[in-house]
Amino acid sequence: MRAKREYRDRGDVEVAVLDALVDRAEGGMTVFELRAAVDADIDTIEQALGELKDDSLITVEDAGDRLRIRPDDRVVPDPGDVQEDEQGLFDAVRERFGF
């Protein structure tokens, strides 16, 4: 699942972090799980997390032995909106190459 469209006008790593978190919205993710899901170095991921937290798009919770990061509820699309937000291959290529 992908973050809502209105939250996709951010840097590539921030969007990748949001998308990964939306996929695991209920359980959240650790920084190490995010590192495995997002193709970026740990410093870049931590910077993206800082920006997302500053904008209140994520929450960080102490789950005892580790921190869990979750997307804010407003970032997670409603189940009925998921299909409308899915991007086709042509749209992905057009967005990636700026056509």
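The values are calculated or read from the model by the stated rules, or taken from the named source; none is laboratory data. Bear in mind the structure is a predicted one, so any value in this text is a computation, not a measurement. So basically every Cβ, Gly included, is an ideal-geometry build from the backbone, and we count neighbours across all protein chains shown.
Of the residues Ala36, Ala48, only one is in contact with a helix residue (DSSP H, G or I) (Cβ under 6 Å, 6 or more places away or on another chain) and farther than 18 Å from Arg96 by Cβ; which?
None of the other options fit; the residue is Ala48.
Which pairs have Cβ atoms under 9 Å, sit 6 or more apart or on different chains, and link a residue in segment 37-66 that is on the phi < 0 side of the Ramachandran plot to one that is hydroxyl-bearing (Ser, Thr, Tyr) and assigned to a loop (DSSP other than H, G, I, E, B)?
From residues that are on the phi < 0 side of the Ramachandran plot, the pairs are Ala63/Thr30; Arg66/Thr30.
Condition first: surrounded by fewer than 17 Cβ atoms within 10 Å (Cβ to Cβ) and under 11 Å from Glu51 (Cα atoms). Now tell me which residues in segment 1-15 satisfy that.
Result: Gly11, single match.
Taking the options Pro79, Pro71, name whichever one is modelled with pLDDT of 95 or more and not hydroxyl-bearing (Ser, Thr, Tyr).
Sole residue among the options that is modelled with pLDDT of 95 or more and not hydroxyl-bearing (Ser, Thr, Tyr): Pro71.
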